[in-house]
Structures are given as structure tokens and as C-alpha cells.
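Let me begin by handing over the structure; questions about it come next.
Any read-out appearing in this document is the output of simple, stated calculations on the displayed coordinates, not a laboratory observation. Not measured: the values here are computed from a predicted model. Positions of Cβ are generated from backbone atoms using ideal geometry, with glycine treated the same way; all protein chains shown enter the neighbour counts.
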Amino acid sequence: MSASGASGLKFKNMDVVQITRVAMDKICVGSKCALCCTLFSIWGVGMLVVLAAKLDYRGVSLMEISDIDSARTNMYIAAACYGIFVVFCGLRFAYLLMKGYAQSRAAAAAAGSSSSVL
């Protein structure tokens, strides 16, 4: 059997850490999606906390809620879930940003060293 994976990636001269990085880059979202998820999650946390705070002070008059305590608790739990997404998507975006920065620096260094030889 060849050293190619199911998706056509070549794993012949790679160790487990490199294979894991390649697999995570294929599975996880890209930088644009990570940034979008981070921004929407920040907005979601903010909205849910504001609505839950309004329920704390009985300030919501748009609809009648029979169990205000349960609704408030559920909003705080949902805000915590969005907060987890903020952390993970933000870390993924920062990782991809640093990875791209490191690659551009390496490319600039390689271009600089090859031009100095000529």
C-alpha cells in the first residue's frame, strides 16, 4: 500500500506531530471563518448577557415569560457556550495569523538571502 492517506496527502517522511498538524489544518476552519465565528460569538455573548441582565431587573416588557429565573439561567449558560467559542475560534485565528506571519517572514528571508548572492 502507498504512503498516501485517503485525501491524497503524502505521509512518507513525516512524524506523528507533523501528520497531526496536516490533519488539523485540513479539518479545522480557515482564518476568515475563525474570525467570523469569533466576531459573531462576541456579539452573541454581549446580547445574551444584556438580555439576561434585563431579566435580572425585570426590565423586559416585550413578552411575558412565565419562568424568569429559568430563562435568565439559560441565557447565562448560552452566553458561556458562546464564550467558549470566542476562546477557541480566537485561538485558531491567532494561530493561523502567526503561522502566516512566520511563513511570510521566512519567504522574505529566503528572498533576501537569494538576492544578496546575486
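Under the Karplus relation 6.51 cos²θ - 1.76 cosθ + 1.60, θ = phi - 60°, what is the ordered set of whole-Hz ³J(HN,Hα) values for segment 104-109, x standing for Gly and Pro?
Listing the rounded values in order: 5, 5, 5, 5, 5, 5 Hz.
Further question: Return the sequence-ordered ³J(HN,Hα) values of segment 72-85 in whole Hz as given by the Karplus equation 6.51 cos²θ - 1.76 cosθ + 1.60 applied to θ = phi - 60°, using x for Gly and Pro.
Along segment 72-85, the couplings run 4, 4, 5, 5, 5, 5, 5, 5, 5, 4, 4, x, 5, 5 Hz.
A further question follows. As an exercise, use a Förster radius of 41 Å and the Cβ-Cβ distance of Ile84 and Ala110 to find the FRET efficiency, rounded to the nearest 0.05. It would help to have the intermediate numbers written out before the result.
On the way: r = 39 Å, r/R0 = 0.95.
After rounding, the FRET efficiency stands at 0.60.
Which of the aspartates and glutamates could be linked to Lys99 by a straight reach, that is with a Cα gap under 12 Å, when you skip same-chain ones fewer than 8 residues away?
The reachable aspartates and glutamates, counting only those whose Cα sits under 12 Å from Lys99, are Asp25.
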